[in-house]
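Read-outs: derived from the displayed coordinates by stated rules, not from any lab. What you see is a predicted model; the values in this text were computed from it and never measured. So basically every Cβ, Gly included, is an ideal-geometry build from the backbone, and we count neighbours across all protein chains shown.
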Amino acid sequence: MNTKTATSLDRLVAGALAAILFGIYASGAARSIYVGDSGELVAAVHVLGIPHPSGYPLYVMLGKLWTLAVPIGSVAFRMSLFSAFCAAATCAGLFLLCRRMGCARTSATLAGLLFAFAPSFWGEANVQRVYALNALFVVLATCAALGWWQYRRPRSLVLTVFLCALGAGNHTFMGVYGVVFGLFALAVDRASVMRVRTLAAVAGAGVVGLLPYAYLPIASSFDPPLDWGNPETLEAFLAVVQRRDFWGRAWIESVADLVPIAADYLTGVGRELGWAGASLSVVGVLAARQRAFTGFLLAVMAANLIVMALHGSRSDLFIWHRYYIPSYAMAAVLAAIGVDALAKRWGQAVAVAGLALPLLMMFSGWHRFDRSDHRIAEDFSRELLATIPPGASLAATDDNILFVLIYLTMVEDVRPDINLILQGVADGPQSSLRFQPEKDPLFFTHHPNWHHPEIEVVPTGLAFRVWRRGAGPPPIAELPEELAGANDPNVPKDYLTQNLVGHYYYMQGFTAEKTDWERATSFFERAAKHAPNNDVLFYNLGLIYERNGERDKALGLFRRSHEINPRHIAGAARVRASDKIDELESRKASNR
C-alpha cells in the first residue's frame, strides 16, 4: 500500500495554495447579489430564516457567523468571500488528500489546480451559494475515509460519518456520500465495522452531525420573515428536509433517458478538467495501486450521477453542472494518480508540464468568472421596485427575480413601503383575496393567469398590474431603454443572467404590444438575442406573434423553443412547443 502522511512542508504548500486561490477568487467575487438562489440564501443568513428545501441550516448558521466576523462591504459580498474561502480550502484539502494517497507534490498540486479552475467549481467559488462549502465537506470526508481505509482506526470511521452528517446540513448530497461510504466500509472490513462499540460511536456521530437540522423548527418558531415550509411540525419538517416539492421536476421519463444523461455527464468531466485532465483521470483509474479506494472514488461519482438522473430537471442535468462538483473533485484526485504514474515512468518533467493545463484554464476562464462588476440582478430588481407605487403589494415568483427581491427588501431594506408577497415560499395571494384595484394596487412579477369579468392583468413595465376592465389603461412605468450591464462585454453572463436580461426586454415588449407593435418587436428581438437558450421565452414569444397574426414568425419561434427543449415547457401546464408547431403547420396546410 503506497501511502504517505502529510509533512510540515505539505501543510505549508497547502496553505500557500489556499492563500493564492483565495486571492484569485476574492478578486473576482460578486460585490452585489447574484442571480438564482443567492438572494434567498443571503437573506436567510441575514435574518436567520429558512431558505428553500432542504433548508441548508449549516450554511445559514456558518454564514451568519462569517458575516459578523468579516464586516467587509455588503452582506452579499461577505457571503461571496465565504464561498471563496471554502473553495480555496477545498483545493488545499485536495492537495493534502493526494499527498496522503502517495502522489508527488507536483501531481497533488496539479489536482488542486485542475479542480480550482474547473468551470463549474470556479463558477461557485465567488458567488453566494452552497456548493463551495459542499465541496469542502466532500474533500474532508474523503480524507477521513482514506484514513480509515489505510489504518482501520475506528475514530477515522466515526469522523467520516460525522463529517457526512454535518455536511448534510449544508447539502443533502453528503447523505448520499455517507451511504456510499457505509457500503464501502462494510465491503472492505465488515467485522470491524459491525462491532457494537463502533456501531454505537458511529450512530452517535451521525446524530451529533445532524444537529444543525434542529435549527429549522427552532428558527421557524420565531416566525422569521423568510420561513420556507414553516417546518414546525414533523410533517412539515420532513417535507423541507426531503425536498418533496422538488422531485416532481425530474426530466427523466424512461430508462432510455439515462443514455443522454450519462453521455452529458461523461463529456462534462472533459469540459471541466479539460480533455487532457480527463484523460489523466482515466490513466489514474487504470494505474491505481490502491484499487479498493479508487473504486470508492468511482462509486461516489456513480452515486452523484444516479441521484441527479433520478430527480434533476433539464436545467439541472444539461445546463448547470454545479451539481456534479463532487464528481469533478474525485476525478481530479484520479488525475493526480494518473500523472503520478506517468511521471514515475517518464520522469517528473511530465508532471511539471501538466501544470500548464490548469494555468491555461485560469487565464482562459478569468473573464468568464470575474463577477466583480456583476450588478445585473440587483439593477433589474431595483428598476422593478422603482415602478411600484407606495403602499402597493407585489406578488413575486421565479427564483431569478423573487430571490433578489427578497434580498433587497430583507437585507438592504429597499422599499419597506411595499408589501412583497413571496409566492411559493409562504402563503401566496388567496383565491378569496379582496381588494379595490384603484385603491389597493396589486402587481405581479409574472402573469397570474387570472380570468375575471371585472378585472384584467395588464403589463406596465417590469410587472403586471391588476386593473379594472373599462377603466382605461393603467400608468406605464418609464424604464431605461437598456438594462445596465446588459451590453457590457466586461460583465460575464451565465445562463440565469442571460434569462434575466432577456426578461427585461421581453416585459418592455409585452407592455408595448398593444400600443406600438414596431417598438414591441424591437424589444422582443433584443430579448431573444440576450437569452438565446431560454425555451420558455421563445415559446411565449411565439404565442405573442401568433395572436398578432404573424404565424410564420410564431412558427419559427416555436421551432426554436422545441429545438432548445423537446420536452414539456416548465410550468404546471406542461405544454410542449411541438404541439403549437403541429397546430400552426396544420392551419397552414388547410389554408393552401
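In the chain, the longest principal axis of the Cα atoms and the axis of helix 57-69 are about 90 degrees apart.
Seen from all directions on average, segment 292-393 presents a Cα convex hull projection of 11.2 nm². Less than 5 angstrom separates the built amide H of residue 421 from those of 394, 395, 396, all sequence-distant by 5 or more or on a different chain. Close amide H contacts of residue 576 (hydrogens built in the peptide plane, cut-off under 5 Å, sequence separation of 5 or more or a different chain): 569. Determine the distance separating the Cα centre of segment 326-346 from the Cα centre of segment 441-481; give it in Å without decimals. Answer, in whole Å: 58. Evaluating 6.51 cos²θ - 1.76 cosθ + 1.60 at θ = phi - 60° for every residue in segment 257-267, the Karplus couplings come out as 5, 5, 5, x, 5, 5, 5, 5, 4, 5, 5 Hz, glycine and proline recorded as x.
Dipole of segment 376-533 computed with +1 at Lys/Arg Cβ and -1 at Asp/Glu Cβ about the Cα centre; of 496, 450, 474, farthest Cα towards the positive end is 450. Placing R0 at 56 angstrom, the Cβ-Cβ distance between residue 439 and residue 12 gives a FRET efficiency of 0.25 after rounding to 0.05. Applying a 4.7 Å cutoff between beta carbons, the unpaired cysteines of the chain are 86, 91, 143, 164.
Out of these labelled values of volume of the Cα convex hull per residue in Å³, (1) 170; (2) 136; (3) 150, which was calculated from the coordinates shown here? Label of the calculated value: (1). Amide H to amide H distances under 5 Å link residue 28 with no residue, where only residues 5 or more positions off or on other chains count and H is placed in the peptide plane.
Where the alpha-carbon atoms of segment 335-384 are placed on the principal axes, they occupy 62, 17, 10 Å, in descending order. Considering all C-alpha pairs of segment 376-533, those separated by over 21 Å amount to 46%. One decimal place: the segment residue 20-residue 211 gains 65.4 nm when fully extended, by the rule 0.36 nm per residue minus the C-alpha distance. Taking the DSSP beta bridges with both ends in the chain, the antiparallel portion is around 45 percent. Between residue 246 and residue 232, the modelled labels are 2.5 nm apart [label points 7 Å from Cα along Cα→Cβ]. Across segment 480-492, coupling constants 3J(HN,Hα) worked out from phi with the 6.51/-1.76/1.60 Karplus curve, θ = phi - 60°, read x, 4, 10, 6, 3, x, 5, 10, 8, x, 7, 9, x Hz, and Gly and Pro carry x.
Each part reduced to its alpha carbon centroid, segment 126-175 and segment 39-81 end up 21 Å apart.
Within the straight-line cut-off of under 23 Å between alpha carbons, the lysines reachable from residue 529 are 493, 514, 553, 580, sequence neighbours fewer than 8 places apart in one chain being disregarded. Spacing of the modelled spin labels on residue 449 and residue 275, each 7 Å from Cα toward Cβ, amounts to 4.4 nm. Taking Cβ atoms as reference points and 11 Å as the exclusive limit, the residues near residue 454 contribute a net charge of +1, counting Lys and Arg as +1 and Asp and Glu as -1. Placing unit charges on the Cβ atoms only, positive for Lys and Arg and negative for Asp and Glu, gives the chain a dipole magnitude near 2480 debye about its Cα centre.
Between residue 27 and residue 310, what FRET efficiency comes out of the Förster formula 1/(1 + (r/R0)^6) with R0 = 45 Å and r the beta carbon distance, rounded to 0.05? Can you show the working numbers first?
On the way: r = 38 Å, r/R0 = 0.85.
Efficiency, from the Cβ-Cβ distance: 0.70.
The calculated FRET efficiency for residue 585 paired with residue 525, based on their beta-carbon distance and R0 = 25 Å, is about 0.60.
Just subtract the alpha-carbon distance of residue 490 and residue 471 from 0.36 nm times their residue separation and send over the number in nm, one decimal. Can you show the working numbers first?
Details: separation 19, 0.36 × 19 = 6.84 nm, distance 4.54 nm.
So the chain would gain 2.3 nm between residue 490 and residue 471.
In a DSSP loop and with at most 16 other Cβ atoms within 10 Å, the trypsin sites (Lys or Arg not before Pro) in segment 207-273 are 243.
Just how large is the dipole of segment 376-533 about the Cα centre, in debye to the nearest 20, putting +1 at every Lys and Arg Cβ and -1 at every Asp and Glu Cβ?
Details: 12 positive and 22 negative charges, 90 e Å.
Using only the charged Cβ atoms, the result is roughly 440 debye.
Calculated from DSSP H runs of 4 or more alone, at -39500 (n - 2.57) each and per residue, what is the 222 nm mean residue ellipticity of the chain, nearest 500? Don't skip to the answer; put the middle values down first.
Working: 25 runs with 363 residues, N = 592.
When only DSSP H runs of four or more count, the value is -20000 deg cm²/dmol.
Between residue 282 and residue 195, the distance separating the two model label sites (each 7 Å from Cα on the Cα→Cβ line) works out to 4.3 nm.
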